[in-house]
1. Looking at (1) touching a Phe, Trp or Tyr at 6+ places or on another chain (Cβ under 7 Å); (2) in a helix (DSSP H, G or I), can you tell me which one TYR281 breaks?
2. Got a sec? Which of THR158, THR185, THR215 is at pLDDT below 95, at negative phi and not aliphatic (A, V, I, L, M)?
3. Given the residues GLU190, GLU209, which is the only one that is surrounded by 19 or more Cβ atoms within 10 Å (Cβ to Cβ), on the phi < 0 side of the Ramachandran plot and without any contact (Cβ under 8 Å) to a residue 24 or more places away in the chain?
4. Which one is most open to solvent (accessible area, probe 1.4 Å), of the residues in the stretch 61-74 that are assigned to a helix (DSSP H, G or I) and touching a residue at least 24 places away in the same chain (Cβ under 8 Å)?
5. Identify all residues within the stretch 108-129 that are closer than 14 Å to PHE289 by Cα and of a type outside the set (A, V, I, L, M, F, W, C); write none if there are none.
6. Restricting to the stretch 286-324, name every residue that is at pLDDT 95 or above, among the hydrophobic types (A, V, I, L, M, F, W, C) and open to solvent by 10 Å² or more (accessible area, probe 1.4 Å).
7. Of everything in the stretch 212-235, what is assigned to a strand (DSSP E or B) and out of contact with any Phe, Trp or Tyr (no Cβ under 9 Å at 6 or more places or on another chain)? Give them in sequence order.
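The values are calculated or read from the model by the stated rules, or taken from the named source; none is laboratory data. Please read these numbers as outputs of a predicted model, since none were measured by experiment. Every residue, glycine among them, receives a Cβ derived from its backbone with ideal geometry; neighbour counts consider all protein chains shown. Surface areas here come from the heavy atoms of the whole protein model, side chains and all, with no ligands, DNA or RNA. Shrake-Rupley method; radii C 1.70, N 1.55, O 1.52, S 1.80 Å.
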Amino acid sequence: RSVTLKSPVERIVLMESSKTHELAAIDGAGIVDKIVGWDNDFKDNAGDGYVKFVEKYPKLADIPNVGSLDDNTFSVEKVIALNPDVVIMHNWEFMWSGDATKEALARLEQAGIPVVFVDFYMDPMVNSTKSMLLLGQILGKEQRAENIVDFYDQHVDTIYSRLEENGGLKKPSVYIETGYNGPETYGITEGDVGWGSIVKRAGGDNIAETLLGNTSKAISPEFLVNQSPSIIILTGRNWSTPGSIRMGYTSTAEDTKNTMDAYISRSGWNTINAVKNHNVYGIYHGYCFSIYNFVALETFAKWFYPEEFKDIDPNATIREYHEKFMPVEYNGTFMYSYY
């Protein structure tokens, strides 16, 4: 699609509002006055980041909620009333809520409101940098976006080149699960999208890929136990669901361990190689949908090939990223080794 925007953009409606991280990295405190509407994603699914940003910029708490496409609460009328220069949406919305997204797009375009799509999930290691450069264009901060992309490329290229040098290594089999539902119900895993795509890029063999293709859904406990992967990664965030795995700016390592315990104790897990050999890990779920996926790539490579990547320090990487680009400080628990 070819989209024409008014320049400079002063009024943004942001869907998947946790993308405030990406906008703030590019535009700093200036973004606070530019977001005039958003969905509840930041508050409901990434409450740790929401708290962090609202502490720094209290005005963010007053941004009106325009609803979400994935639960049919999105209001085109509310968006039109906010008179935005642009609405920023995300490619995954076509996968999870295709009809609602197509209808919203058509109605907004009919109302003369430009809609731009970015992608940090469907093909994250390819489209995240493209998306940051696009956001840089929208915000009139192209050079800043290029600086972020240069930092990103420097880190991922180090991982890729070293994996290439060590091409003969046996790939570990990997299972990754979203720790949203609590341990009683298996959460979604991904084929060759989102986390699955990052697992593959980091040199792992995602056990769900042949089963799911480029979709995301839960697999059966029997399939998992039968596959007996050599590495299990559980994702955590600041979700409100009981039993969900806690990670993020407001979580300690103890919080993460305590909420992972019941997952490790699931029926049959004691027979899985990853559990028997103490290769179970936790990672912040938001990294799957954001520019931070380069830190997930570093982390996975280090977990998959400890010797080859022993000098890589993902915590130092994300701390440096915050110091260089983010208006909020880095603290909390975002990567965790259970054993």
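1. (2)
2. THR215
3. GLU209
4. Among them, the one singled out is ASP70.
5. Matches in the stretch 108-129: ASP119, TYR121, ASP123, PRO124, ASN127, SER128, THR129.
6. TRP303, PHE304, ILE312, ALA316
7. Matches in the stretch 212-235: LYS217 only.
For (1) in a strand (DSSP E or B); (2) buried (at least 19 other Cβ atoms within 10 Å of the Cβ); (3) touching a residue at least 24 places away in the same chain (Cβ under 8 Å); (4) not hydrophobic (A, V, I, L, M, F, W, C), each residue gets a yes or a no:
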{"site": "VAL3", "(1), (2), (3), (4)": "no, no, yes, no"}
{"site": "PRO8", "(1), (2), (3), (4)": "no, no, yes, yes"}
{"site": "LYS19", "(1), (2), (3), (4)": "no, yes, yes, yes"}
{"site": "ALA24", "(1), (2), (3), (4)": "no, yes, yes, no"}
{"site": "ALA29", "(1), (2), (3), (4)": "no, no, yes, no"}
{"site": "GLY37", "(1), (2), (3), (4)": "yes, yes, yes, yes"}
{"site": "GLY49", "(1), (2), (3), (4)": "no, yes, yes, yes"}
{"site": "VAL54", "(1), (2), (3), (4)": "no, no, no, no"}
{"site": "LYS59", "(1), (2), (3), (4)": "no, no, yes, yes"}
